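Chemist: Once you've had a glance at the structure underneath, I'll fire off some questions.
The values are calculated or read from the model by the stated rules, or taken from the named source; none is laboratory data. All of these numbers come straight from a predicted model, not from anything done at the bench. Here the Cβ positions follow ideal geometry from the backbone for every residue, glycine too, while neighbour counts run over all protein chains shown. When the accessible area is computed, the model is the full protein with side chains, heavy atoms only, and any ligands, DNA or RNA have been set aside. Shrake-Rupley method; radii C 1.70, N 1.55, O 1.52, S 1.80 Å.
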Amino acid sequence: MCKISVFGLGYVGCVGIGCLSHLGHSVVGCDIDAGKVKRINDGVPTIVEREIGDFIAEGKKKGLISATNSTEEAVLNTSISLICVGTPNSPEGNLDLSFVFSAVHNIASALKLKSEYHTIVVRSTVPPGTNERICSFIENETGKKVGVDFGVVSNPEFLREGKAVQDFLTPPITVLGSAQKKSIEAMRSIYEPLQADVIEVDPKVAEIIKFVNNSYHALKVTFANEIGAICKALSIDSHQVMNLFCRDTQLNISSVYFKPGFAYGGSCLPKDLMGLRALARDNNLTVPVLESIDSSNKGQIKRAVDFICRKKVHRVGIIGLTFKSGTDDLRNSAPVLLAESLIAKGMDLQIYDRYLNLAKESGTNQEQIVGKLSSLNLNVVPTIKEILESSELVVITVANPEVTALIPSYPNVSFFDLARLKNESVMKVSNYEGFSW
Ligand SMILES: NC(=O)c1ccc[n+]([C@@H]2O[C@H](COP(=O)([O-])OP(=O)(O)OC[C@H]3O[C@@H](n4cnc5c(N)ncnc54)[C@H](O)[C@@H]3O)[C@@H](O)[C@H]2O)c1
């Protein structure tokens, strides 16, 4: 059994104390709102949520739950403090951390009266870097040393209102981010009875994941709604469509396409997306999510061009020109668009593409390839070495093992990787830079 204090008795805090007591821990709730403190001390929840009434009543009856408005009382009687206070948007849209830092300030004041190690856990949604800020803040306020006297863990909460108890007790994963092993171990022991995998990550990863999750959930809802609008206009059952969509767990509901990297291209994605937008337009429908996809994709190409321009280089090599590895197809290829932009900026380009060379050798697809290359005036060379020996910067658009092996031999060439080579040691050399990582 652990002794835990919970700061903030709103949705996250109330569910937290109910569920933690259900797991057998002794929990002290702390809130600046006297009404919420009283409710918990009366054994009733501060929110309306399935099952939580029973959990709070049961915890109270077993003597595992109490509440106070005294931070000192909460901190001095526990070894772990969970921060579950609100982080509303500021007028500019940032998350306002004033409640978080007011709670941290109070916890720090109480820590001055304590000699035992204490763990502070951030369950509120906070921007990346907050964990570090809290560590420095407490060190400055108390003179204590992070890792010696206290630790700070980023442990985002994934619950959904309405299913909060179920989500707390059966989370998809449990994420812990901290540089203090002792605090990580303390949190592991709290969550031991839960089935979920506990994943240790860098604190900034733990902090940003909640923003990423929620933004993606919002994207899912709006995407499905736009598909619904188009289907309805065409008298198609949108639920049958989306049920079918979800049945494809290889490409649709899967990790495929979720790797940050270069823009998409090819003969299908751009064409069919444009076709779907045309169907919406023909039915007088506005579909901003679908309409924004192409401009986001072009933005990714522009980001790559801007990066290369900032390097102030003239001789640039590109490894991989087709729209993806394993094909000789140049239709709507993002590397071709990149090459065109670089030529327009006056750069001297050399290109190597294994599959174009294979196609040239075998004579397949000749007309399309030769026509495209000569219309763009692109110089395709037969070996990678030719590029490496004549370029100041080499852009990698395909995760080619040939180039991975050669990078260490060319320390004076800068490598700009759009494809994410599958080799961690190469990614650490100083003349290598990844695009979106
Ligand atoms: N509501 C959700 O479904 C949900 C899910 C996951 C994560 N989150 C995140 O968790 C955090 C809390 O959300 P919520 O919905 O529980 O907020 P809430 O507004 O319901 O509760 C926040 C509580 O914190 C209290 N508080 C403010 N300053 C305090 C202080 N210095 N000391 C003690 N208590 C203090 C408030 O009085 C209030 O009771 C937010 O960052 C939110 O984004 C919320």
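Chemist: Spin-label point model (7 Å from Cα, Cβ direction): what's the E340 to K62 distance in nm?
Modeler: My value for the distance between the label points is 6.6 nm.
Chemist: Let me see the pair-distance distribution of segment 233-348: every alpha carbon pair, 5 Å bin width, integer percents in order.
Modeler: Over segment 233-348, the share of Cα pairs per 5 Å bin runs 2, 9, 14, 18, 19, 14, 10, 7, 4, 2, 1 percent.
Chemist: Please report the antiparallel percentage of the DSSP beta bridges confined to the chain, to the nearest 5.
Modeler: Close to 5 percent.
Chemist: What net charge is computed for the residues neighbouring G24, neighbours being all others with C-beta under 15 Å from the C-beta of G24, Lys and Arg scored +1, Asp and Glu -1?
Modeler: Result for the local shell: +2.
Chemist: Then there is this: Using unit Cβ charges (K, R positive; D, E negative) and no other charged atoms, how large, in debye to the nearest 20, is the dipole of segment 3-201 about its Cα centre?
Modeler: 360
Chemist: If you count only protein heavy atoms and use a 1.4 Å probe, how large is the accessible surface of S333, to the nearest 10 Å²?
Modeler: 0
Chemist: Express the carbon and sulfur contribution to the solvent-accessible surface of the chain as a percent, rounded to the nearest whole number, probe 1.4 angstrom.
Modeler: It is 53 percent, rounded to a whole number.
Chemist: Working from the alpha-carbon coordinates of the chain, get Rg over Rh, Rh being the Kirkwood radius.
Modeler: Radius of gyration relative to Kirkwood radius: 1.08.
Chemist: Stretched out fully, how many nm does the piece from D248 to I199 gain, at 0.36 nm a residue minus the Cα gap?
Modeler: Additional length available on full extension: 14.9 nm.
Chemist: If you wrap a convex hull around the C-alpha atoms of segment 107-190 and split its volume per residue, what is the figure in Å³?
Modeler: Per-residue hull volume (Cα only) is 107 Å³.
Chemist: Using every Cα-Cα pair within segment 294-374, state what percent have a distance larger than 20 Å. Working shown, then result.
Modeler: Numbers: 1109 of 3240 pairs.
The calculated P(r) of segment 294-374 puts 34 percent of pairs beyond 20 Å.
Chemist: Work out, step by step, the length gained on full extension between K422 and S109: first 0.36 nm times the residue separation, then minus their alpha carbon distance; give nm to one decimal. Let's see the in-between values first.
Modeler: On the way: separation 313, 0.36 × 313 = 112.68 nm, distance 4.81 nm.
Extra length available between K422 and S109 comes to 107.9 nm.
Chemist: Take the Cα of E433, step 7 Å along the line toward its Cβ, and report every residue of segment 405-419 whose backbone nitrogen sits under 11 Å from that point.
Modeler: 414-417
Chemist: Under a Cβ-only charge scheme (Lys and Arg +1, Asp and Glu -1), can you give me the dipole magnitude of the chain about the Cα centre, in debye to the nearest 20?
Modeler: 140
Chemist: Can you run the Rg to Rh ratio on segment 297-434? Use alpha carbon positions and the Kirkwood inverse-distance Rh.
Modeler: Result: Rg/Rh = 0.94.
Chemist: Work out, in µm²/s and without decimals, the Stokes-Einstein translational diffusion coefficient of segment 272-333 at 4 °C, 1.567 mPa s, Rh from Kirkwood over C-alpha pairs.
Modeler: 89
Chemist: How big is the shadow of the Cα convex hull of segment 36-192, averaged over all directions, in nm²?
Modeler: Taking the Cα atoms of segment 36-192, their convex hull projects to 9.9 nm² on average.
Chemist: Mean projection of the alpha-carbon convex hull of segment 157-258 over all orientations, in nm²?
Modeler: 8.4
Chemist: Right, next: Return the distance in nm (one decimal) between the two label points of a simple spin-label model at R133 and S255, each offset 7 Å from Cα along Cα→Cβ.
Modeler: About 3.2 nm, to one decimal.
Chemist: Would you kindly state how much longer the chain becomes between T327 and K38 on full extension, computed as 0.36 nm times their sequence separation minus their alpha carbon distance, in nm to one decimal?
Modeler: 97.3 nm
Chemist: Calculate, for the chain, the solvent-accessible area per residue in square angstrom, rolling a 1.4 angstrom probe over the heavy atoms of the protein chains.
Modeler: Accessible surface, normalised per residue, equals 51 Å².
Chemist: What fraction of the DSSP beta bridges in segment 3-201 is antiparallel, stated in percent and rounded to the nearest 5? Don't skip to the end; give the middle numbers.
Modeler: Numbers: 2 of 29 bridges.
Of those bridges, close to 5 percent are antiparallel.
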